[in-house]
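In what follows, a single structure is set out as structure tokens and then discussed.
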Amino acid sequence: MSSLSLEHVFKRFGDISVIQDVNLDVAPGEFVVFVGPSGCGKSTLLRMIAGLETVTDGNLRIGGTVMNDVPPAERGIAMVFQSYALYPHMSVYKNMAFALETARMPKAEIETRVRKAAAILQLDHLLQRKPKQLSGGQRQRVAIGRAIVREPQIFLFDEPLSNLDAELRVQMRVEIAKLHAQLGCTMIYVTHDQVEAMTMADKIVVLRAGKVEQIGSPLDLYNNPANQFVAGFIGSPK
Ligand code: ADP
Ligand code: MG
């Protein structure tokens, strides 16, 4: 069964059509990258999957069940944003624990989950620090940690590395790939950076002006771009 599927999904804001007839099947454990120029609808698509935007038309299924009207917290999804949006007055530990405390999880279970996430992300020694006492890469790891502790079936990343410098971006790419291998969960990753897409993806979805231009493996897209747009964005010209 698919981990996630989109069936003829549309999004309109008033008269403006932002997503048009997107169809996609994501297998469990797959690493899928949405790539395309700024404004093409990547974030909107991700936000619909997360439940932060409504689906105007079509079906969104998670684990086979239509989820169009299911609240975000009940979708088994966690999202990592571009701006880290950490709580500045809370420690690293508290930043990771907060959503679980709000959901009234027992303290011992929260501690187990936070310590496990901290170990995976090498944040063990930083749990008592405040966000402003961390480097950019460490802050981004805390943001990922907040997603991990929720033990989601599906992780969504919206351009998580775009605020980092080039060197750190490469390092975090490797870390996210490792995390994917370690957790074995489905990840959907949005970027406008074709190198990121080509190096990280099992499957790439190329978007342009709200429509899917092509879906395929990095090699498919490189060897057989569907059109000039995909060729220009990803591979060599046909
Ligand atoms: P991307 O993430 O690929 O840069 P977005 O999904 O943020 O693109 O935006 C896609 C299009 O939808 C843009 O033209 C944007 O202006 C428009 N859009 C996004 N959110 C809204 C909104 N709440 N109301 C109206 N238009 C929006
Ligand atoms: Mg965006």
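The values are calculated or read from the model by the stated rules, or taken from the named source; none is laboratory data. Keep in mind that this is a model prediction, so the values were computed, not measured. All Cβ positions, even for glycine, are placed from backbone atoms using ideal geometry, and neighbour counts span all protein chains on display.
From the list SER43, SER17, which one is within 16 Å of ligand 1 (Cβ to nearest atom) and more than 15 Å from the chain's Cα centre (by Cα)? Show your work before the answer.
Details: SER43 fails: more than 15 Å from the chain's Cα centre (by Cα).
Going through SER43, SER17 in turn, the sole match is SER17.
Of these, GLY210, GLY184, which one is at positive phi and either buried (at least 20 other Cβ atoms within 10 Å of the Cβ) or of a type in the set (Phe, Trp, Tyr) (or both)? Lay out the reasoning, then the answer.
Details: GLY184 fails: either buried (at least 20 other Cβ atoms within 10 Å of the Cβ) or of a type in the set (Phe, Trp, Tyr) (or both).
After ruling out the rest, the residue left standing is GLY210.
Scanning the range 86-97 for residues that are in contact (Cβ under 8 Å) with a residue 40 or more places away in the chain and assigned to a helix (DSSP H, G or I), which turns out farthest from ligand 2 (Cβ to nearest atom)?
The extreme case among them is ALA97.
Filter the range 85-121 down to the residues that are among the β-branched types (Val, Ile, Thr) and touching a helix residue (DSSP H, G or I) at 6+ places or on another chain (Cβ under 6 Å) and list them by number. Give the derivation first.
So the first thing to find is which residues in the range 85-121 are among the β-branched types (Val, Ile, Thr), and the list is 92, 102, 110, 112, 114, 120.
Answer for the range 85-121, where residues must be among the β-branched types (Val, Ile, Thr) and touching a helix residue (DSSP H, G or I) at 6+ places or on another chain (Cβ under 6 Å): VAL92, ILE110, VAL114.
What tally of residues in the range 49-71 results from selecting those that are within 13 Å of ligand 1 (Cβ to nearest atom) and either closer than 16 Å to VAL205 by Cα or touching a strand residue (DSSP E or B) at 6+ places or on another chain (Cβ under 6 Å) (or both)?
Number satisfying all stated conditions: 3.
Could you check the range 64-85 and list, in sequence order, the residues that are part of a loop (DSSP other than H, G, I, E, B) and surrounded by 14 or more Cβ atoms within 10 Å (Cβ to Cβ)?
MET67, ASN68, VAL70, ARG75, GLY76, PHE81, GLN82, TYR84
So how many residues does the range 25-56 have that are away from ligand 2 (no atom under 13 Å from the Cβ), assigned to a loop (DSSP other than H, G, I, E, B) and over 21 Å from PRO72 (Cβ atoms)?
Looking only at that region, the number is 3.
Select from the range 151-163 the residues that are surrounded by fewer than 18 Cβ atoms within 10 Å (Cβ to Cβ) and at negative phi and write down the one among them that is farthest from ligand 1 (Cβ to nearest atom). Even if it seems obvious, please write down each step before you answer.
Within the range 151-163, the subset surrounded by fewer than 18 Cβ atoms within 10 Å (Cβ to Cβ) is 151, 153, 162-163.
Restricting the remaining residues to those that are at negative phi gives 153, 162-163.
Working: GLN153: 23, SER162: 11, ASN163: 15 Å.
Of everything passing the filter in the range 151-163, GLN153 is farthest from ligand 1 (Cβ to nearest atom).
Taking the options ARG61, ARG12, ARG115, ARG104, name whichever one is in a helix (DSSP H, G or I) and not hydrophobic (A, V, I, L, M, F, W, C). Full working, then the answer.
Numbers: ARG61 fails: in a helix (DSSP H, G or I); ARG12 fails: in a helix (DSSP H, G or I); ARG104 fails: in a helix (DSSP H, G or I).
On inspection, the qualifying residue turns out to be ARG115.
Given the conditions (1) within 27 Å of PHE229 (Cα to Cα); (2) within 15 Å of ligand 1 (Cβ to nearest atom), which single one is not true for VAL26?
Single failed check for VAL26: (2).
Just for strands (runs of 3 or more DSSP E) wholly inside the range 156-238: which have at least 2 residues that are among the basic types (Lys, Arg) and touching a residue at least 12 places away in the same chain (Cβ under 8 Å)?
On the way: elements: 186-191, 203-208, 211-216.
Qualifying strands (runs of 3 or more DSSP E): 203-208.
Report the residue count in the range 179-225 for those that are at pLDDT below 95, among the small types (Gly, Ala, Ser) and under 25 Å from GLU7 (Cβ atoms).
Number of matching residues: 1.
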